[in-house]
Amino acid sequence: MRLKDRVAVVTGGGGGIGRAAALRLAEDGAAVVVADIRTEAGEETVARIREAGGRAVFVSVDTAVREQVFSMVDEAVRAFGRIDILFNNAGVGTRALYTLLELPEEEYQRVIGINQHGVFYGIQAGARAMKDRGGVIINTASVYGFVADRRQFAYHASKAAVAMMTKAAALELARYNIRVVAIAPGLIDTGIVSGWKEDPRIWSAVEQAQMRRRAGTPEEVANVVAFLASDEASFVNGSVVFVDDGAASFKR
Ligand SMILES: NC(=O)c1ccc[n+]([C@@H]2O[C@H](COP(=O)([O-])OP(=O)(O)OC[C@H]3O[C@@H](n4cnc5c(N)ncnc54)[C@H](O)[C@@H]3O)[C@@H](O)[C@H]2O)c1
């Protein structure tokens, strides 16, 4: 139980990578605060953790709203006494694959608000709660923070920001013994990409972007998150760990 007695907060814990990570962190012994904008989905994750004998509570949050992120952290501290691990994972894709020339300002702001500003609020709120004892903050970036595709402008901007915020935060928070790292997943089979799955041609084209031509599972990402959250990763700091079957490392 490498995370025994640790307290973890997972945003976007109601589905996909966040749910798998919440389950995995609980399996490793952490008490988990499952935070999501979707109450039913988040409660379902909590129920699964409890069924498996773990400790978890649900907190409702819209990570794009600063006060809600700070309240989430306060509620986590109230529930379990402190926070050791914060996984800033909640994120969205664009509602439609807009070209840059057509991308509505409102859609750009929505994606940046959740994916970028939400992570900033999380880092700040989490670090304030961790600064006396140390801790680990893990942010979900993406291969798309490093490699450009068409019609993904806002998403690219938001995920590149997550990668750089991770490095800057790690440098500033080192004095408090808070590690800050990011993961950059490639294509992972979750709700965020379910629209692509409806068209087998699109799905098989995006699968080709991984070296072994398949999507990853949320559990394959959760394994890395649990490692990064643990003391086994005690010298990993300020870096982005790609969980992408090489997607960011070769020319298609
Ligand atoms: N699936 C992929 O291929 C992939 C690749 C790279 C990065 N990512 C990133 O992984 C993260 C998790 O996504 P996923 O793939 O598990 O998708 P998902 O849609 O299954 O899960 C995202 C979760 O975040 C929640 N959420 C969305 N907006 C929120 C908000 N404003 N406040 C609180 N919760 C909110 C959703 O309700 C959902 O439970 C995202 O940051 C995403 O950008 C995913």
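Which residue, G15, G134, G195, tops the fluctuation ranking in a GNM of the chain built on C-alpha contacts under 10 Å?
In this elastic network of the chain, the residue with the biggest mean-square fluctuation among G15, G134, G195 is G195.
Please report the spacing between the Cα centers of the stretch 213-241 and the stretch 166-205 in Å, no decimals.
10 Å
What distance in nm separates the simple spin-label points at F227 and D62, each placed 7 Å from Cα in the Cβ direction?
3.7 nm
Within the stretch 141-167, name every residue whose backbone N is under 17 Å away from a label modeled 7 Å from Cα of L101 along the Cβ vector.
150-153
Which of the aspartates and glutamates could a cross-linker bridge to K197, judged by Cα under 13 Å and excluding same-chain residues fewer than eight apart?
D189, E207
Could you tally the net charge around Y155, taking each other residue with its Cβ under 13 Å from the Cβ of Y155, Lys/Arg +1 and Asp/Glu -1?
Values: positive: R95, R110, R150, R151, K159; negative: E107, D149.
Within the 13 Å Cβ shell, the charges total +3.
Can you sort D244, D62, D199, D84 from fewest to most other Cβ atoms within 10 Å of each residue's own Cβ? Intermediate results must be reported in sequence, preceding the final value.
Numbers: D244 23, D62 16, D199 10, D84 20.
Taking fewest neighbouring Cβ atoms as first place, the list is D199, D62, D84, D244.
How far is helix 153-173 tilted, in degrees, relative to the longest principal axis of the Cα atoms in the chain, given as a value from 0 to 90 rounded to the nearest 10?
The angle comes out near 30 degrees.
Report the local net charge at N237: Lys and Arg +1, Asp and Glu -1, summed over other residues whose C-beta lies under 10 Å from its C-beta.
On the way: positive: K167, R179; negative: none.
Value of the local net charge: +2.
What's the angle, to the nearest 10 degrees (0 to 90), between helix 39-51's Cα axis and the longest principal axis of the chain?
60 degrees
Can you tell me, using C-alpha contacts under 8 Å and at least 6 residues apart, the relative contact order of the chain as a whole percent?
Values: 528 pairs, mean separation 47.5, N = 252.
In percent, rounded to a whole number, it is 19.
Give the long-range amide H neighbours of R6: residues separated by 5 or more places, or on another chain, with amide H under 5 Å away, using H modelled in the peptide plane at 1.01 Å from N.
A31
What GluC sites (Glu not before Pro) does the stretch 149-252 have in DSSP loop regions with at most 12 other beta carbons within 10 Å? Display every interim value, and only then the final one.
On the way: sites: E172, E198, E207, E219, E220, E232; in loops: E198.
Sparse-neighbourhood loop GluC sites (Glu not before Pro): E198.
For I178, which sequence-distant residues (separation of 5 or more, or a different chain) have an amide H within less than 5 Å of its own amide H, given hydrogens modelled in the peptide plane?
Residues meeting the amide H criterion: G135.
Would you work out if the stretch 102-230 is rounded, prolate or oblate? Take a ≥ b ≥ c from the square roots of the eigenvalues of the alpha-carbon gyration tensor; rounded if a/c is under 1.5, else prolate when a/b is larger than b/c, oblate otherwise.
On the way: a/c = 2.60, a/b = 1.55, b/c = 1.68.
Taking the square roots of the gyration eigenvalues as a ≥ b ≥ c, the stretch 102-230 is oblate.
Could you give the C-alpha radius of gyration of the chain expressed as a fraction of 2.2 N^0.38 Å, taking N as the number of residues it contains?
Working: Rg = 17.1 Å, N = 252, 2.2 N^0.38 = 18.0 Å.
For the chain, the normalised Cα radius of gyration is 0.95.
Taking amide H atoms as placed 1.01 Å from N in the peptide plane, list the residues 5 or more away in sequence, or in a different chain, whose amide H sits under 5 Å from that of V59.
V34, A35, D36
Take every DSSP beta bridge with both residues inside the chain and express the antiparallel ones as a percent of the total, to the nearest 5. Show your work: numbers first, answer last.
On the way: 0 of 28 bridges.
Among the beta bridges of the chain, antiparallel pairing accounts for roughly 0 percent.
What is the order of R213, R66, fewest Cβ neighbours within 10 Å to most? Before the final figure, lay out each step's value.
Values: R213 10, R66 15.
Sorted ascending by nearby Cβ count, the order is R213, R66.
Near K159, which aspartates and glutamates are there with a Cα under 16 Å away, not counting those fewer than 8 places off in the same chain?
Reachable aspartates and glutamates: E107, D149, D244.
Net charge near V225, counting Lys/Arg +1 and Asp/Glu -1 over other residues with Cβ under 15 Å of its Cβ? Could the numbers behind the result be given before it?
Values: positive: R2, R6, R19, R24, R179; negative: E27, D28, D84, E219, E220, D231, E232, D244.
Residues near V225 contribute -3 overall.
Laboratory data are not the source of any read-out in this text; all were calculated from the coordinates shown. As the structure is a prediction and not an experimental result, all values here were calculated from the model. No Cβ is skipped: glycine too gets one built from the backbone with ideal geometry, and neighbour counts run over all protein chains shown.
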